[in-house]
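The values are calculated or read from the model by the stated rules, or taken from the named source; none is laboratory data. Fair warning: this is a prediction, and the values are worked out from it, not measured in the lab. Cβ atoms come from the backbone with ideal geometry, glycine included; neighbour counts cover every protein chain shown. We work out accessible area using only protein heavy atoms, side chains counted, and drop any ligands, DNA or RNA first. Shrake-Rupley method; radii C 1.70, N 1.55, O 1.52, S 1.80 Å.
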Amino acid sequence: MIQIAIFFAVASLLWTIGSLSYQWLALRGHNRDHSAQSGKPAKGVLYNFTTAMLPSHKETMRLHPVKFMAGVLMHIGMFAAFATSIHLVFRQGFYPVISTLFIFILAPGLIAGVYLLVRRVTSPLLKSISVPDDYFAVSVTNLYLLLALLLHLNRMSATVFLFYSALLFIYLPLGKLKHAAFF
């Protein structure tokens, strides 16, 4: 059964990579930038991936530090869950020290994700600008974090986790979660 789950996970990951690549190529071919170039593009890229990412340059960090940190923790947890999926494709087990480390990454990520979902449901402003895919994306993300955490706590089988990972990979290029790849 684990081999079927691995096949399904790899196939869905290939679907995700192919679909997102197609979307990226389609965007690059049709959205020409007609603005006048100023400065050096390499310098802009360097700035965007260094200085611009510092917390001190983020308005959200200055005005809403708890919400900013919740987002950071949830995203770090997602990277750990994704790493778990990829690892399981190549090796079916984890060293205890790795699982312990992932537990300490996934648990705060899940708590932060639940906090962000509750905030989205209870905030009048967020409710007014949210579409169903916003709720769905946060919900499937939280479930992914929970299942990864349960896997590392030895409360879930790798097969179930891989099947869920595959479903998430299929959804990724179709919904809001594609921002993870396009970033």
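For this structure, a couple of remarks:
- Derived scalar couplings ³J(HN,Hα) [the range 117-122; Karplus, 6.51 cos²θ - 1.76 cosθ + 1.60; whole Hz; x for Gly, Pro]: 5, 4, 4, 5, 6, 9
- Per-residue packing, averaged as other Cβ atoms within 10 Å, sorts the ranges 123-133, 98-108, 165-175 into the order 165-175, 98-108, 123-133, beginning with the highest.
- Calculated [222 nm] ellipticity per residue, helices only, for the chain: -25000 deg cm²/dmol; basis is -39500 (n - 2.57) per DSSP H run with n ≥ 4, divided by all residues, nearest 500.
- Protein-only accessible surface order, largest first, of 111, 86 at 1.4 Å: 111, 86
- The 3J(HN,Hα) values that the Karplus relation (6.51, -1.76, 1.60; θ = phi - 60°) gives for the range 66-79 are, in residue order, 5, 5, 4, 5, 4, x, 4, 4, 5, 5, 4, x, 5, 4 Hz. Gly and Pro appear as x.
- Under 20 Å from the Cα of residue 176 - lysines, other chains or at least 8 residues apart: 67, 127
- Calculated semi-axes √(5λ) of the Cα gyration tensor in Å (choose from [x] 35, 22, 13; [y] 32, 18, 15; [z] 30, 23, 18), label: [z]
- Here the chain exposes an accessible surface that is 72 percent carbon and sulfur, computed with a 1.4 Å probe and the other protein chains kept in place.
- Average accessible surface for the chain: 64 Å² per residue, computed with a 1.4 Å probe over protein heavy atoms with every protein chain in place.
- Rounded to the nearest 10 Å², the accessible area of residue 91 at probe 1.4 Å: 100
- By the rule of a C-alpha distance below 29 Å, with chain neighbours fewer than 8 residues away ignored, the lysines paired with residue 43 are 58, 178.
- Full-extension gain in nm, residue 21 to residue 4, via 0.36 nm per residue minus C-alpha separation: 3.6 nm
- Take residue 69: with every protein chain present and a 1.4 Å probe, its accessible area is about 80 Å².
- Gained length - residue 38 relative to residue 121, 0.36 nm times residue gap less alpha-carbon distance: 25.6 nm
- For 90, 79, the ranking by accessible surface with the largest value first comes to 90, 79, using a 1.4 Å probe.
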